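The next block holds one structure in the form of structure tokens; read it before the comments.
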Amino acid sequence: MTRPIISGINVETGETIERELNDDEYAEYLIQVEKTIGLYPDVVDEPATEEEPVDELVEGEQP
Amino acid sequence: MAVKTFTDNTSLPASDINTYLTNSGMTYIGAYTASATTLFIDGCFTSTYNNYFITFQSTSVTTTGSFMFKLRASGTANSTNYGYGGFQYYTTIAATAQQNASDTSMLFSAASGTSYTFNTIYVSNPAVAQPTPIMVDFVSWYSNYAGGSIRGFHNVSTAYDGFQITSNTGATITGTMRVYGIRQA
């Protein structure tokens, strides 16, 4: 199973880096995702529109 | 204070134009656009500037969630002691408070699907080994969410040379980060 990707640039050297998360980063990633699971509603594929708001957040809900 | 005060009917030599370009209000340092779970820019915070201005625009996320801002030193993110407070705003309900005394990041915004978000981040003295003030303002075109603002500190006395943005749901983020140094003259 492939790991998530980290991607960025060092602007001092101009070097761009794109690689899979290393062991430490992946462990932190898993902890974070586990902590957050269930906090959010299903993915909304389209931005909200004036005519058709989608899945409104309710008072007290953490976005 | 102005670098020079111009008067009517005088020439504008190239040297003056160059002086203004050199001493403009903000100096572009770098940018990066990608799709990944972690987007970063390293080598952008140095002793050249005290304060920095960052813009971050995202065009999609694979899972609904909020963004996480972390400081980086020598390629490694610090994930402790981000203390902040602020508000989230909505178009149909009252604002809600958001605060944390010691989080793993500065948590900000809300993004879902192809909702566009625009975020600005001020960072003060990140390259100095002292607690780092961070201010984040954000707008998100998502449901009835309007955006918000949070202010706080990274309460660790470490010098940093970069930053990263991730999602708290582990989403792949598509976006562009730009960083500028704020002129000190």
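Quick note: the coordinates plus some simple rules give every number you see, no bench work behind them. Keep in mind it's a predicted model, so treat the numbers as computed, not measured. Here the Cβ is made from the backbone with ideal geometry for all residues, glycine too, and neighbour counts use every protein chain on show.
Here are some notes:
- Mean partner shielding of peptide B:142-150, defined as the number of other chain Cβ atoms within 10 Å of each residue Cβ, is 4.
- Peptide-level mean, for A:10-22, of C-beta atoms on other protein chains within 10 Å: 4
- Shielding by other protein chains, B:33-43, mean Cβ within 10 Å: 6
- When the alpha carbon gyration tensor of the stretch B:14-60 is reduced to an equivalent ellipsoid, its three semi-axes come out at 28, 14, 9 angstrom, largest first.
- An ellipsoid equivalent to the protein assembly as shown, defined through the eigenvalues of its Cα gyration tensor, has semi-axes of 33, 23, 18 Å when rounded to whole angstrom and sorted largest first.
- Ranked by the mean number of other Cβ atoms within 10 Å of their residues, highest first, the peptides B:59-70, B:151-162, A:21-32, B:106-117 fall in the order B:106-117, B:59-70, B:151-162, A:21-32.
- Fewest-first sequence of B:182, B:165 by Cβ atoms within 10 Å of each Cβ: B:182, B:165
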